[in-house]
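Below is one structure, written out as structure tokens; the observations come after it.
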Amino acid sequence: MATANKNLSNYNKNTIPNAKDFRFGIVVSEWNEHVTEGLYNGAIAALLDCGAEIENIIRWNVPGSFELVYGAKRMIDTQNVDCVITIGCVIKGETMHFEFVCEGVTQGIKDLNILTNVPVIFCLLTDNTEQQSIDRSGGIHGNKGTEAAIAAIKMAELRKTSSNFLGI
């Protein structure tokens with residue numbers, strides 16, 4: 001297991017760009033809310049810790065993880081954000097639903113990253129058990145939301161520097 005001995009909340013602020021001038025969108029699934037709220041809390045804490053201004057962070061809720069793609073696309077189209085973090089949690093059940101949702105969201109987020117000029121960060125827990133999700137949303141493995149926020153800052157910086165390079 002990739003996270004067996006790793007706390008996802010550890011990062012070195014000295015290696016992360018200052019987030020003060022970036023505008024972030026966070027789209028949060030209401031399904032498995034006890035997990036997604038933990039992920040959101042980790043993300044918002046890391047963004048603020050790295051200099052983001054609370055007024056430059058926009059949160060939208062969507063009913064489930066499948067709706068994250070549409071929420072992220074609408075946020076890109078309407079909110080002038082530098083990066084979007086999508087937060088969701090799908091826990092494996094007894095049917096194929098798990099595979100369909102996970103595949104759809106994964107491909108949808110990938111498509112947004114290819115088709116738009118705004119990076120979209122994939123923070124979708126796809127665990128076999130509820131406990132695994134709890135462990136990754138503020139539990140013994142730290143918080144995947146924190147990791148997503150750090151990725152968002154780095155990708156917002158990449159977007160900015162690559163745009164400057166192109167004269168955009």
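The values are calculated or read from the model by the stated rules, or taken from the named source; none is laboratory data. These numbers were taken from a predicted model, which means no experiment stands behind them. Here Cβ is always computed from backbone atoms with ideal geometry, including for glycine, and neighbour counts include all displayed protein chains. When the accessible area is computed, the model is the full protein with side chains, heavy atoms only, and any ligands, DNA or RNA have been set aside. Shrake-Rupley method; radii C 1.70, N 1.55, O 1.52, S 1.80 Å.
Hey, can you tell me all the residues within the range 135-145 that are out of contact with any strand residue (DSSP E or B) (no Cβ under 9 Å at 6 or more places or on another chain) and either among the β-branched types (Val, Ile, Thr) or open to solvent by 20 Å² or more (accessible area, probe 1.4 Å) (or both)? Correct list: Gly138, Gly139, Ile140. For the range 112-131, the set of residues classified as open to solvent by less than 60 Å² (accessible area, probe 1.4 Å) and in contact (Cβ under 8 Å) with a residue 40 or more places away in the chain consists of Leu112, Thr116, Val118, Pro119, Val120, Cys123, Leu124, Leu125, listed by residue number.
Give the residues of the range 55-76 that are among the β-branched types (Val, Ile, Thr) and either in a strand (DSSP E or B) or touching a Gly at 6+ places or on another chain (Cβ under 7 Å) (or both), sorted by residue number.
Just the residues of the range 55-76 that are among the β-branched types (Val, Ile, Thr), to begin with: 57-58, 62, 69, 76.
Ile57, Ile58, Val62, Val69, listed by residue number.
Hey, can you tell me all the residues within the range 76-112 that are more than 23 Å from Glu33 (Cα to Cα) and of a type outside the set (A, V, I, L, M, F, W, C)? Please lay out each step first, then the result.
Filtering the range 76-112 down to residues more than 23 Å from Glu33 (Cα to Cα) leaves 76-82, 110-112.
Across the range 76-112, the qualifying residues are Asp77, Thr78, Gln79, Asn80, Asp82, Lys110, Asp111.
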